[in-house]
Amino acid sequence: MGSVKEPQYKSICLVRLSALGDVCLMVATVKLLQKTFPEAKISWVISDPAYQLVKDLKHIEFIVIKKPRSFSDYKKIYKDLKHREFDVLLAAQASLRVNLLYPAIKAKLKIGFDKKRGRDLQSLFTNRKIEFAKEHLLDSFLRFAYAIGAEKQKDPDCSLTISDKTRVWAKKELDSFSPPYLLINHSASKEERNWSIAGYVAIADSFIKKYRGSVILTGGSNEQEILAGAKVLAAISTKSAKDLTGKTTPQQLTALIAASNCVLSPDTAAVHIANAVNTPVIGLYAVAPSWLSGAYKQLDNMIDKFPQAVELFLKKDPKMCDWKTRVHDIRAMGLVGISEVEKKLHQLLKS
């Protein structure tokens, strides 16, 4: 007897609303679904601004929603999806807020995370689970495609599409500055994941002096990140630096990263975007391990102090830690040394 073939799904609904970095990692799964089921209609339930990062992906129906925060928000989403039905739902986000969306999506097969990763009782809203493994987030997302018949990938395609218009915008932003370009995405959404302002200033000064290049500062639009960008800019040569913190869309950030020679960032979406556009990136890690959320194809470029942070602040053996262990200590990122960042930057720019 021949092997049993997986059904050829005609309609696939994927749910991943946020965050920006996770949405970037999800692209590999979407492209694998397209490759495996070329005739299927793939619908992605997503929120802004994450949609702005991936909106140029071809042959995807984006169902853009506002993250539900009230009963009326859920009521609207349920109403909008009332007459939709799919062959399969890939529930690739597990949180109470998102889990409550799954009953609104009609599908006979609803695949969610395994017991360890399916937070906030996600299993109540799904009828099949992916397998657990201690692995990179991108690999965990790919398991949703594997669960419905996709072949396992050794070199997943996680590339992002950038419009010509956005590339032109980035070129204009950089035209008045001298290459090479070092883009510093200085702030993470959580303070504990941030490196010091003094560290970024030291790297920026060293880069400008040694390579006679330019530094581009990027970050989010909240008050703390804008202030951080201003502090870094004030301490370095403004003639060789530009602060675009809070002034870029996700697509514009992607274009700037693609036009840069190297990116320096803590654990943020910028690390994954750089990986997706093949720009060398130095990721700074201590709160979470880089094997989990570092640049997927550039893990050797990550400066990872997570093992040391676990030993120093948690008093545990990092080899014995559960996959969900995090070092929630504001001092952890202080373990990243300026000299090792300088060394890594030199290696990448020399190659």
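The values are calculated or read from the model by the stated rules, or taken from the named source; none is laboratory data. Everything quoted here is computed from the prediction, not taken from an experiment. Here the Cβ is made from the backbone with ideal geometry for all residues, glycine too, and neighbour counts use every protein chain on show.
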(request) Report yes if Lys35 is within 20 Å of Cys158 (Cα to Cα), among the basic types (Lys, Arg) and buried (at least 16 other Cβ atoms within 10 Å of the Cβ), otherwise no. (result) no
(message) Quick check on this structure: which one of Leu100, Leu53, Leu20, Leu25 is aliphatic (A, V, I, L, M), modelled with pLDDT of 95 or more and under 23 Å from Leu121 (Cα atoms)?
(response) Leu100
(message) Out of Lys116, Lys154, Lys134, I need the residue that is outside the structural domain of Val327 (by TED's automatic domain parsing) and either of a type in the set (Asp, Glu) or closer than 19 Å to Ala276 by Cα (or both). Which one?
(response) Lys154
(message) Return the pair list, or none, for Cβ contacts closer than 7 Å from residues in region 216-237 that are surrounded by 16 or more Cβ atoms within 10 Å (Cβ to Cβ) to residues that are among the acidic types (Asp, Glu) and not in a loop (DSSP other than H, G, I, E, B), at least 6 apart or on different chains.
(response) Leu217/Asp243; Gly219/Glu225; Gly229/Asp243; Leu233/Asp243; Ile236/Asp205
(request) Considering only region 136-154, state which residues are assigned to a loop (DSSP other than H, G, I, E, B) and free of Cβ contacts under 8 Å to residues at least 24 places away in the same chain. (result) Lys152, Lys154
(request) Being buried (at least 22 other Cβ atoms within 10 Å of the Cβ) and touching a Phe, Trp or Tyr at 6+ places or on another chain (Cβ under 7 Å) is the filter here, so list the residues in region 170-201 that pass it. (result) Leu182, Ile184, His186
(request) Six or more apart or on different chains, Cβ under 8 Å: which pairs go from a residue in region 243-262 that's acidic (Asp, Glu) to one that's outside any loop (DSSP other than H, G, I, E, B)? Could you list them? (result) Asp243/Leu217; Asp243/Gly229; Asp243/Ala230; Asp243/Val232; Asp243/Leu233
(request) Spot the failing condition for Ile330; the list is (1) closer than 29 Å to Arg117 by Cα; (2) surrounded by 15 or more Cβ atoms within 10 Å (Cβ to Cβ), and only one is missed. (result) (2)
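I'd like to verify a number: residues in region 301-336 that are more than 17 Å from Asp139 (Cβ to Cβ) and free of Cβ contacts under 8 Å to residues at least 40 places away in the same chain, how many?
So in region 301-336, the residues more than 17 Å from Asp139 (Cβ to Cβ) come out as 301, 303-322, 325-336.
Narrowing further to those that are free of Cβ contacts under 8 Å to residues at least 40 places away in the same chain: 304-322, 325-326, 331.
Residues that pass the stated criteria total 22.
Would you call Leu183 at pLDDT 95 or above, assigned to a strand (DSSP E or B) and over 14 Å from Cys13 (Cα atoms)? Give the derivation first.
Working: at pLDDT 95 or above: yes; assigned to a strand (DSSP E or B): yes; over 14 Å from Cys13 (Cα atoms): yes.
Yes, satisfied.
To keep it simple, each residue is scored yes or no on (1) at pLDDT 95 or above; (2) in a helix (DSSP H, G or I); (3) in contact with a Phe, Trp or Tyr (Cβ under 7 Å, 6 or more places away or on another chain); (4) not acidic (Asp, Glu).
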{"site": "Trp291", "(1), (2), (3), (4)": "yes, yes, no, yes"}
{"site": "Val327", "(1), (2), (3), (4)": "yes, no, yes, yes"}
{"site": "Gly334", "(1), (2), (3), (4)": "yes, yes, no, yes"}
{"site": "Glu340", "(1), (2), (3), (4)": "yes, yes, no, no"}
{"site": "Leu348", "(1), (2), (3), (4)": "yes, yes, no, yes"}
